[in-house]
Amino acid sequence: MSAHSHEIEEGLAFLPKFDAAGLVTCVATDVVTGDVLMVAHMNDEALHKTIATGEAWYFSRSRNALWRKGETSGQTQRVVELRTDCDQDAVWLRVEQIGAACHTGRRSCFYREVEVEGDRAKLVFVDADRLFDPNAVYNK
């Protein structure tokens, strides 16, 4: 193990490893239930704003823009704990989710299960109740 690898994996310096696009993957889970709420990306600015404010900030690849979770919908995430993985190329936010995490109005973005029947896979809705109507929130 190189000195750099040792520092990344065993040291106490937070040295996030951003990908070629300048992003790091972020998993957000509910601090109470442990449920996975969403997977998103952060650039350096989003990560710094998250640390500075205690609120989740992300970088939208589709819009090529920084965004604070809940700025449009009111469905915010208060960060209780931020962790990084062993090689510091992903972060984990344990959050207090206010309302729904998903832009579809659902508590979690993971509201469909993959069922396998023989050699075919299909999606089945699970925990898919909407907490808000996305058309009413995002089409103002």
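The values are calculated or read from the model by the stated rules, or taken from the named source; none is laboratory data. It should be emphasised that the depicted structure is a prediction, and the values quoted were computed from it without experimental measurement.
Out of the residues in segment 114-140 meeting the condition of being outside any loop (DSSP other than H, G, I, E, B) and small (Gly, Ala, Ser), tell me which one is nearest to TRP57 (Cα to Cα).
Initial filter on segment 114-140 (outside any loop (DSSP other than H, G, I, E, B)): 114-117, 120-125, 130, 134-138.
Next, only the ones that are small (Gly, Ala, Ser) stay: 121, 136.
On the way: ALA121: 34, ALA136: 23 Å.
This residue is ALA136.
Can you name the residue in segment 9-61 that is of a type in the set (Gly, Ala, Ser) and at pLDDT below 95 and, of all such residues, is nearest to the chain's Cα centre (by Cα)?
Step one: of segment 9-61, the residues of a type in the set (Gly, Ala, Ser) are 11, 13, 20-22, 28, 34, 40, 46, 52, 54, 56, 60.
Right, trim to at pLDDT below 95 and you get 11, 13.
On the way: GLY11: 25, ALA13: 22 Å.
Here the residue is ALA13.
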